[in-house]
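Heads up, the thing below is written out as structure tokens.
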Amino acid sequence: MTSDNGQLKKMMKRSVFYLFLFGLVLLSQSACRVSYSFTGASISANVRTVSIPNFPNNAPLVIPTLSRTITDALRDYFTSQTNLILVDRGGDLNLEGSITQYVVQPVAIQGNETAAMNRLIITVSVKFSNKTDPKQNWDTPVQFSRYQDYSSSLELFSVQESLIAGITEQLVTDIFNKAVVNW
């Protein structure tokens, strides 16, 4: 009986030790200052809001819906991929920008000097500021440019919507990664 009592005491001591160790791990995790998400974003716990004003279309060729499309996509991405609250202005994180290029260029020139493919290119200029950590600010606007090719046998207006959607998705991912994914 005595050896069973001794083993029971040892098991109790181990249980208390592991419970204490588990408590320390939990305590140390709650003291972290950086939050991580599945997107790879590392955002300080002090950052709670993001502001993304309208991105005006300053490209020589203006597509009326492009400004709204890009601005809304950025807002949606930041609010769906982080716990940040979108505010009109003065957010802890702020992204300001404009559309600087919307152009179609021929690519894949054939032997008869006609293009087999055309390329739609969209470029945006973005300035980022972080009130809680000014070292992360982009002092000068950063240019983000993406494109998609389409057959020259198609009219731009027939494929424009899907091209813009694909390019916008790529641009938004690039901007998000540059702003809050600190790899």
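Nothing in this text is a laboratory measurement; each read-out follows from the coordinates by a stated rule. This is a predicted model, so every value here is computed, not measured. Because the Cβ atoms are built from the backbone with ideal geometry, glycine has one as well, and the counts that use them run over all protein chains shown.
Here are some notes:
- Segment Arg89-Leu156, extension gain: residue separation times 0.36 nm, minus the distance between their alpha carbons: 20.5 nm
- Other-chain or far-sequence residues with amide H under 5 Å of Ser152's (modelled H): Met117, Asn118
- A simple charge model with +1 on the Cβ of Lys and Arg, -1 on the Cβ of Asp and Glu and nothing else charged puts the dipole of the range 48-180 at about 380 debye relative to its Cα centre.
- Sorted peptide list for 91-99, 47-55, criterion being average Cβ within 10 angstrom, highest first: 91-99, 47-55
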